[in-house]
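Novice: Got a structure for you, written out below as structure tokens; questions coming shortly.
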Amino acid sequence: MNPVTSAPLAAAAHDLSLLGLFMQADWVVKAVMIALLMASIYVWAIAIEKFASLRRAQREADEFEDRFWRGGNLDDLFRAQGEHPAHPMAAVFVVGMREWHASTAAGAGAMMVAGTRERVERAMSVTIQREMERMEKRMTFLASTGSAAPFVGLFGTVWGIMNSFTAIAGMQNTNLAVVAPGIAEALFATAIGLVAAIPAVLLYNMLASKFGRYAGRLEGFASEFGAILARQTEAAADAPRAAAPMGAAE
């Protein structure tokens, strides 16, 4: 009768709830679970912050483009933005205007026209890259968690199963009721790893796509703004040549 009654007694000694599996796990497995849970919380915190910052940047870009395309004076808009623009599109505009003023201050000419356009475009391109790097900060944590969390959880599972088999060997009892609790504790680590990894991968892909579209929007604005500045530069360069014959006739 003893072999028949010992299995239920062994099973009863184990709490198979999620909290019970965590509390009964080996300290290494517990450390893995805690690390994965903390990583999962941090992933969601980063994602929420990035979605909020993107929504705010899109809203500010809409407002700025509405003012920009009204046809007002660009110098007035430039002065209104100040030295520290509040959002990426304004930063691109301010850098472009600042570089354009610096490049055209020396005078007009064909060489100046080509050089000005190149310098303005390069300055705006560098600004876009810097602003996107700032907005995408900590995105690598999402990618790292998505790729590494399943393996971290698997490590906890392997460690827990190894301890379970060691205990089985010591007890010299291979009854399923004896083996199952230890294996369940070990597999719980893999489950937590997947809970951390799957949202991290999905959120990273969603955010990367949104950031890519926003970067494209900035590049499109920079291209259109650069063309406007190029036309103004060419007009400024043509003005002295048009006025020269009149001065000679006088």
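Novice: For segment 35-94, what are the per-bin percents of Cα-Cα distances with bins 10 Å wide, up to the bin holding the maximum?
Specialist: Calculated P(r), rounded to whole percents: 20, 37, 19, 15, 7, 1.
Novice: Does anything in segment 209-226 have its amide N under 17 Å from the 7 Å Cα→Cβ label point of residue 125, and if so which residues?
Specialist: 215-226
Novice: Could I ask something else about it? Quick one: pull the percentage of alpha-carbon pairs in segment 60-109 with a separation above 17 Å.
Specialist: Roughly 35 percent, once rounded to a whole number.
Novice: At a Cα cut-off below 13 Å, give the aspartates and glutamates reachable from residue 30, other chains included and same-chain residues fewer than 8 away excluded.
Specialist: 185
Novice: Counting other Cβ atoms within 10 Å of each Cβ, which chymotrypsin sites (Phe, Trp or Tyr not before Pro) in segment 52-82 have at most 13 and sit in a DSSP loop?
Specialist: Counting only loop positions with at most 13 other Cβ atoms within 10 Å, the chymotrypsin sites (Phe, Trp or Tyr not before Pro) in segment 52-82 are 69.
Rule-based calculations on the coordinates, nothing more; no lab input. Keep in mind that what you see is a predicted model, and the values were worked out from it rather than measured. Here Cβ is always computed from backbone atoms with ideal geometry, including for glycine, and neighbour counts include all displayed protein chains.
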